[in-house]
Amino acid sequence: MALNALLLRKSKIQKVITICSRWKKLNGELSQGMKKHSAFCESVERIEKNEPLFTPYDRTKILTIRALYDEKVDSRVIPFPGAANICLPLLFHGPTIAFSLSLFSYVIFRFIQTVKHQ
């Protein structure tokens, strides 16, 4: 997961963008479907445990994008505290990802181009 990479390489990674991607469990649990993917489960557990290690500056490097309703990922586990978190007025996982990477990509590019100094 990109957030784990940022935590390990803070000086080398300038920005992280996640689209419809969870960073924590919901009520301490992952869905049955997620449990089949052990590497993904380990990544979520690692980032959830290490979330306090992100400084306020680290959090300015993160952009999360989510749908108003996502049938795959509960929207409560997508926003990252202190990051730029955007909720699009869209429904469903696939269309939100497609929209984010096409018509909404200018927002992603603008975020990447912003430079914040520590």
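The values are calculated or read from the model by the stated rules, or taken from the named source; none is laboratory data. Just so you know, these numbers come straight off a predicted model, no measurement behind them. Methodologically, a virtual Cβ is constructed for each residue, glycine included, from the backbone with ideal geometry; neighbour enumeration extends over all protein chains shown.
For (1) surrounded by 18 or more Cβ atoms within 10 Å (Cβ to Cβ); (2) part of a strand (DSSP E or B); (3) modelled with pLDDT under 95; (4) touching a helix residue (DSSP H, G or I) at 6+ places or on another chain (Cβ under 9 Å), each residue gets a yes or a no:
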{"position": "W23", "(1), (2), (3), (4)": "yes, no, yes, yes"}
{"position": "P52", "(1), (2), (3), (4)": "no, no, no, no"}
{"position": "G82", "(1), (2), (3), (4)": "no, no, no, yes"}
{"position": "N85", "(1), (2), (3), (4)": "no, yes, no, no"}
{"position": "I108", "(1), (2), (3), (4)": "no, no, no, yes"}
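Please enumerate the residues belonging to the stretch 62-117 that are within 21 Å of Q14 (Cβ to Cβ), among the small types (G, A, S) and free of Cβ contacts under 8 Å to residues at least 24 places away in the same chain. Within the stretch 62-117, just S105 meets the criteria.
Take the conditions (1) out of contact with any helix residue (DSSP H, G or I) (no Cβ under 8 Å at 6 or more places or on another chain); (2) modelled with pLDDT under 95; (3) over 21 Å from V107 (Cα atoms); S75 misses just one of them, which is (3). Among the residues of this structure, K116 counts as one that is modelled with pLDDT under 95 and of a type outside the set (S, T, Y). State whether one or more residues within the stretch 46-68 are under 23 Å from N4 (Cβ atoms) and of a type in the set (F, W, Y). Checked the stretch 46-68: at least one residue is under 23 Å from N4 (Cβ atoms) and of a type in the set (F, W, Y). Scanning the stretch 44-61 for residues that are among the charged types (D, E, K, R) and either more than 12 Å from P81 (Cβ to Cβ) or in contact with an Asp or Glu (Cβ under 6 Å, 6 or more places away or on another chain) (or both) yields E45, R46, K49, K61. Look at (1) surrounded by fewer than 16 Cβ atoms within 10 Å (Cβ to Cβ); (2) at pLDDT 90 or above; (3) of a type in the set (A, V, I, L, M) and you find that A39 fails only one, number (2). Can you say whether S43 is polar (S, T, N, Q), in a helix (DSSP H, G or I), touching a residue at least 12 places away in the same chain (Cβ under 8 Å) and on the phi < 0 side of the Ramachandran plot, as far as the supplied structure shows? Yes: the conditions hold for S43.
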